[in-house]
Amino acid sequence: MAKDGSTAATDGTATGSGDIARSLELLWGTGERPSRGPKPGLTLDRIVTAAVAVADAEGLAAVSMRRLSTELGTGTMSLYRYVPGKAELLDLMLDRVLGEPLPSGTDPVDAAAPPADWRASIDAMARTYLDNLRRHPWLLKINQARTVLGPSALRGLELSLTALRSMGLRDPELISVIITVNSFVEGLARTRADAAEAVRETGLSDQEFWDNQSPYLERAMLSGAYPMMASLSEDTFSAEFDHFAFGLGRLIAGFEALVEERTADGTAARTTEQTTERTAARK
């Protein structure tokens, strides 16, 4: 049982599943540093960096205190002087990758300058997140429902909210915009990651997989039982079609319609208020 009363996970597949108090101390730099025992040069930063590198190369399951001790050339017990276990380490790993510098020109908002157009900000946020998931596919394998918020996570949320403020939506709606965009990106990224994993596990390329089904699908289309499917153009399932750009564009268009609706409602309300004031003044 963790200090906060929750059950501590041992596999580190869910954020916030370990000793939350200890994770927060480590994230915010308030925990006590080891005073003796660790190998000189070993730091929490090096441990987290090594953990992220292993996860990127081999998946989250490959990350263990024993494996990290080998990577860092130190004893396993030395690591425990810095971090209690994999569950807490995952909290640190997540905040680390969330804090990675954004690709040039895609920062949703420059803190020293006025926010950019919210449409461009949403586009940048989505593409940056997709790029992050490509670099760290293990992010799609973890449960982030109860993320322990560290400095990087809060900074990212601060930047996003600042960039979206000009939409003029209510605060819960701004959060919903972020959730909607992130969910869209995660769904597409997960589909791509699952496809790549299927190739690795089966040894069959996508082309080989569909070639095996081709004779059966052709007979099905000629049977007349699937007229809509049979009428689809040859490029319907082309890999050249950019589903990400299409979907993101439709999301932004939907948000734009809502913003325009709210703006029109606000103008109508102000016009009604002004008319009432003028009428009252004449009386």
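The values are calculated or read from the model by the stated rules, or taken from the named source; none is laboratory data. Quick caveat, the model's predicted, so the values are computed rather than measured. Cβ: placed from backbone, ideal geometry, glycine included. Neighbour counts: every protein chain shown.
The table below gives the values:
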read-out: Which numbered condition Pro172 misses (of (1) at pLDDT 95 or above; (2) crowded, with 17+ Cβ neighbours inside 10 Å); value: (2)
read-out: Given (1) within 21 Å of Asp242 (Cα to Cα); (2) in contact with a helix residue (DSSP H, G or I) (Cβ under 7 Å, 6 or more places away or on another chain), number of the condition Ile178 does not satisfy; value: (1)
read-out: Residue within segment 199-213 that is within 27 Å of the chain's Cα centre (by Cα) and farther than 30 Å from Glu58 by Cβ present; value: no
read-out: Cross-chain or 6+ apart pairs with Cβ under 7 Å, segment 67-81 first and part of a loop (DSSP other than H, G, I, E, B), then at pLDDT 95 or above; value: Gly75/Ser69
